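Structure first, then comments.
The values are calculated or read from the model by the stated rules, or taken from the named source; none is laboratory data. This structure is a prediction, so every number in the text was calculated from the model and none was measured. Every residue, glycine among them, receives a Cβ derived from its backbone with ideal geometry; neighbour counts consider all protein chains shown.
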């Protein structure tokens, strides 16, 4: 059991991209499933699928590459950690790389991107930034 399952997921994705894997498996949870949904909706991964191996459930992420075989995700970083939580108000949500990237937040209205949270007028905990 890891102390920070979100950081574990992001690290698995980062390592799979560095090794040019087509897919990566991460242990499943509702939060990670929502992160995968946002990554798919924003175009950072091809698809994701919930799989089971015995009693364990996994999320299989199908990674996306350009025709030149470079990954679509340039960088993926964890912002809020269990030891140092980072919260922001709706008016203080910063754009990532001038709008080229996304930030993912947990809000009282669910998990959403920074731009969606800004439009809805809700703040929350910044989980990660991706570009």
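Scanning the stretch 81-98 for residues that are under 17 Å from the mean Cα position of the chain (by Cα), under 14 Å from residue 7 (Cα atoms) and in a loop (DSSP other than H, G, I, E, B) turns up 82, 85. Among the residues of the stretch 47-80, those identified as assigned to a strand (DSSP E or B), in contact (Cβ under 8 Å) with a residue 40 or more places away in the chain and over 14 Å from the mean Cα position of the chain (by Cα) are 65, 71. Each residue in the stretch 7-30 was checked for being out of contact with any helix residue (DSSP H, G or I) (no Cβ under 7 Å at 6 or more places or on another chain), part of a helix (DSSP H, G or I) and either farther than 16 Å from residue 72 by Cα or free of Cβ contacts under 8 Å to residues at least 60 places away in the same chain (or both), and 9 pass. Would you confirm, using the coordinates I've provided, whether residue 101 is surrounded by 13 or more Cβ atoms within 10 Å (Cβ to Cβ), under 12 Å from the mean Cα position of the chain (by Cα), more than 21 Å from residue 2 (Cα to Cα) and not assigned by TED's automatic domain parsing to the domain that holds residue 30? So residue 101 passes the test.
Counting the residues of the stretch 104-129 that are part of a loop (DSSP other than H, G, I, E, B) and surrounded by fewer than 16 Cβ atoms within 10 Å (Cβ to Cβ) gives 3.
Screening residue 83 with (1) surrounded by fewer than 17 Cβ atoms within 10 Å (Cβ to Cβ); (2) out of contact with any helix residue (DSSP H, G or I) (no Cβ under 7 Å at 6 or more places or on another chain); (3) more than 20 Å from residue 129 (Cβ to Cβ) gives one miss only, at (3).
Whether a residue is touching a residue at least 60 places away in the same chain (Cβ under 8 Å) and at positive phi was assessed, and residue 121 does not pass this test. For the stretch 33-46, the criterion of being farther than 15 Å from residue 130 by Cα and touching a helix residue (DSSP H, G or I) at 6+ places or on another chain (Cβ under 9 Å) is met by at least one residue.
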